[in-house]
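*Asks:* Have a look at this one.
The values are calculated or read from the model by the stated rules, or taken from the named source; none is laboratory data. Fair warning: this is a prediction, and the values are worked out from it, not measured in the lab. Cβ atoms come from the backbone with ideal geometry, glycine included; neighbour counts cover every protein chain shown. Note: accessible area is taken over every heavy atom of the protein model, side chains too, but ligands, DNA and RNA are not part of it. Shrake-Rupley method; radii C 1.70, N 1.55, O 1.52, S 1.80 Å.
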Amino acid sequence: MRYNQGFWCFEAEIMSNLIVLGAQWGDEGKGKIVDLLSEKFDAVARYQGGHNAGHTVYIGEKKFVLKLIPSGILRPGVLAVIGNGVVIDPAALLDEIAMLEAAGVDVRSQLKISNRAHVLFPFHRTIEKISEARADRVPIGTTSRGIGPCYEDKIARRGIRIADLVDNNFEDLYRALAGDKKLIAEAFEISEPGNFDEILAQYQRYAEQIKPLATDTSHLLNQMIRGGKSILFEGAQGTMLDIDFGTYPFVTSSSAAAGGACTGTGVPPNKIDGIIGVSKAYITRVGAGPFPSEDLTDVGEQIRRAGNEFGSVTGRPRRCGWFDVPLLRYTAEVNGFDSLIITKLDVLDSLEKIPVCVAYEVAGERITHMPASTRRMEAIKPVFETLPGWQRSTQGVSCINKLPKEAQQYLRFLEERTGVEIGSVSNGPERNETMIVEGSRLEKLLNR
Ligand code: GDP
Ligand code: IMO
Ligand code: MG
């Protein structure tokens with residue numbers, strides 16, 4: 001793939017299998033990047049999360065917010081795969097299918113769903129609501145979609161998978177799971193209303209619609225790879241929301257980091273050719289939890305407005321802060337980023353000065369490792385260096401070396417400090433507002 005005069009151009013080539021994932025706390029612009037890169041991949045496979053994700057893609061005047069379905073679906077002929085690592089709320093899935101079909105997307109022939117993915121039920125949302133509202137608990141600030149409780153059932157080995165939903169014995173499995181929930185509700189004297197029989201009938205109807213899409217997607221993807229096809233793996237959320245490597249417990253309940261791409265799709269690690277991190281030129285977070293480089297001043301507010309930083313799923317204002325080098329070094333290590341794509345550079349256009357968090361201090365001492373405990377993470381004092389802003393619009397700039405010199409200096413600074421190459425820069429939400437660095441590792445990976 002080549003970048004030429006502001007547009008990505010693809011040539012006949014053998015593509016590699018790449019993972020694209022968030023390097024921060026989510027909302028890095030993965031949707032836009034996956035949509036852009038998916039053009040010449042044969043399939044895009046989503047490996048974790050559920051409809052807590054919100055990936056916004058602009059195609060001309062049209063805006064799509066994808067939650068469960070990988071952004072590749074917007075490219076005719078590209079297979080979109082929902083892997084086994086994803087949890088599926090059938091109502092949300094069918095809504096999304098209807099939204100895409102109304103926009104003319106041929107979802108039924110482009111989408112496949114893993115028969116090993118877990119099914120999310122309305123009582124998962126109820127459980128989450130009760131748990132988040134508990135007086136003695138610090139709320140995580142979840143998206144209230146029931147994602148955590150659904151993964152709880154998966155790990156506890158009582159969950160229901162797509163294969164079960166579309167099978168004749170669904171009713172038995174459902175009654176066993178519902179019985180379990182009723183027992184807990186009774187034991188804890190919880191009286192949230194829930195009509196289990198109604199849910200059963202509703203899910204039986206969903207099953208009919210979902211059945212034609214369900215398959216063994218691990219086998220499908222591996223077969224495609226054996227046949228020389230290329231797969232783009234799409235992470236939802238960001239690494240700092242990963243269940244193991246994120247700011248636990250203020251995380252989501254799945255493996256957003258690169259390793260999750262293999263466990264969440266059933267494609268082995270030796271079939272992955274490259275790992276691409278997506279990061280904003282600054283940083284945001286939705287929900288509670290430590291955030292060392294957060295800016296609580298008017299400047300943070302200015303970024304929120306300039307970047308339209310409001311959750312695409314819940315509409316909550318995103319907390320805004322400055323690019324965090326130690327955090328990026330950490331997520332680069334955990335994921336093994338080959339290259340970084342920096343998004344939303346244009347959001348910084350009007351700033352006179354741009355602080356960058358370059359180090360962490362706890363109790364007056366520099367720390368070189370990402371703390372595992374929330375308490376220690378909250379004790380971090382960020383050390384900032386300030387770079388000059390460019391105070392000029394970068395809109396329409398289509399080549400890195402035509403960016404204002406301060407913007408180039410800013411990008412070089414991030415690259416040097418993080419130790420990861422910047423292979424591409426995005427300066428607007430549209431597909432063509434993306435530049436690739438000529439000769440970068442990213443370019444090579446895309447041209448294999
Ligand atoms: P995701 O969850 O990582 O896919 O990101 P979201 O879609 O939740 O949030 C990113 C937002 O930034 C979306 O509204 C995108 O349209 C928008 N966006 C992506 N890249 C750029 C960029 O380079 N500049 C600007 N101004 N907006 C961008
Ligand atoms: P995308 O794919 C940003 C956050 C929630 C909350 C925590 C746990 O758009 O990047 P959950 O509902 O998953 O149990 O909530 O994770 N969170 C996200 N934040 N972007 C997302 O997805 C998120 N998905 C979950 O705000 O703090
Ligand atoms: Mg998002």
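*Asks:* Have a look at 394, 239, 351 and report the one farthest towards the positive end of the charge dipole of the chain, computed about the Cα centre with Cβ charges (Lys/Arg +1, Asp/Glu -1).
*Replies:* 394
*Asks:* Scan the range 289-393 for trypsin sites (Lys or Arg not before Pro) in coil per DSSP, keeping those whose Cβ has at most 13 other Cβ atoms within 10 Å, and list them by number.
*Replies:* Here the sparse-neighbourhood loop sites are 392.
*Asks:* In the range 324-446, how many lysine pairs have Cα atoms under 30 Å apart, counting only pairs 8 or more places apart or on different chains?
*Replies:* The number of close lysine pairs in the range 324-446 is 10.
*Asks:* Count the lysine pairs in the range 1-156 whose Cα atoms sit under 19 Å apart, keeping only pairs 8 or more residues apart in sequence or on different chains.
*Replies:* Here the count comes out as 11.
*Asks:* With a Förster radius of 30 Å, plug the Cβ-Cβ distance of residue 444 and residue 169 into 1/(1 + (r/R0)^6) and report the FRET value to the nearest 0.05.
*Replies:* 0.05
*Asks:* State the percentage of accessible surface on the chain attributable to carbon and sulfur atoms; use a 1.4 Å probe and exclude ligands, DNA and RNA.
*Replies:* Reported share for carbon and sulfur atoms: 49 percent.
*Asks:* Let me ask something else. Placing unit charges on C-beta atoms (Lys and Arg positive, Asp and Glu negative, everything else neutral), compute the dipole magnitude of the chain about its Cα centre in debye, rounded to 20.
*Replies:* Around 420 debye, computed over the chain.
*Asks:* Would you mind calculating the relative contact order of the range 118-214 from Cα pairs under 8 angstrom and at least 6 residues apart, reporting the percent as a whole number?
*Replies:* Taking the mean separation of contacting Cα pairs over the length of the range 118-214, I get 29 percent.
*Asks:* Which residues' amide hydrogens lie under 5 Å from the amide hydrogen of residue 88, considering only partners 5 or more residues apart or on another chain, with H built in the peptide plane?
*Replies:* Long-range HN contacts for residue 88: 118, 119, 120.
*Asks:* Moving to a separate point now. Estimate the FRET efficiency between residue 308 and residue 199 by the formula 1/(1 + (r/R0)^6), using the beta-carbon distance for r and 30 Å for R0, to the nearest 0.05.
*Replies:* Approximately 0.25, to the nearest 0.05.
*Asks:* Using only helices, what value at 222 nm comes out for the chain when you add -39,500 (n - 2.57) per DSSP H run of length 4 or more and divide by the total residues, to the nearest 500 deg cm²/dmol?
*Replies:* -9500 deg cm²/dmol
*Asks:* In terms of modelled amide H atoms, which long-range or inter-chain residues lie less than 5 Å from the amide H of residue 280?
*Replies:* 343
*Asks:* Taking Cα centroids, how far is the range 249-327 from the range 385-448 in Å?
*Replies:* 19
*Asks:* Over the chain, what is the mean sequence separation of C-alpha contacts under 8 Å (at least six apart), divided by residue count, expressed as relative contact order in percent?
*Replies:* In percent, rounded to a whole number, it is 21.
*Asks:* To continue, here is another question. So for 295, 153, what's the accessible-area order with a 1.4 Å probe, most first?
*Replies:* The residues order as 295, 153, largest area first.
*Asks:* Which value, in Å², gives the accessible area per residue of the range 118-214 when a 1.4 Å probe is used on the protein heavy atoms?
*Replies:* Each residue of the range 118-214 exposes 58 Å² on average to a 1.4 Å probe.
*Asks:* Between 212, 56, 80, whose Cα lies farthest towards the positive end of the dipole of the chain when Lys and Arg beta carbons carry +1 and Asp and Glu beta carbons carry -1, centred on the Cα centre?
*Replies:* Positive-most Cα among the choices belongs to 80.
*Asks:* Same structure, new question: Apply the Karplus parameterisation 6.51 cos²θ - 1.76 cosθ + 1.60, with θ equal to phi minus 60°, to every residue of the range 239-253 and state each ³J(HN,Hα) to the nearest whole Hz, in sequence, with x for glycine and proline.
*Replies:* 4, 6, 9, 5, 4, 9, 9, x, 7, 4, x, 7, 9, 8, 9
*Asks:* Can you find, among 142, 190, 177, the residue sitting farthest towards the positive end of the charge dipole of the range 118-214, where Lys and Arg contribute +1 and Asp and Glu -1 at Cβ?
*Replies:* 142
*Asks:* On full extension of the chain, what length is gained from residue 59 through residue 109, given 0.36 nm per residue of separation minus the C-alpha to C-alpha distance?
*Replies:* So the chain would gain 15.9 nm between residue 59 and residue 109.
*Asks:* Additional query: Which of the GluC sites (Glu not before Pro) found in the range 122-191 are in a DSSP loop and have at most 14 neighbouring Cβ atoms, other than their own, within 10 Å?
*Replies:* 189
*Asks:* In the range 161-227, what chymotrypsin sites (Phe, Trp or Tyr not before Pro) fall in a loop by DSSP, with at most 15 other Cβ atoms inside 10 Å?
*Replies:* Answer by residue number: 188.
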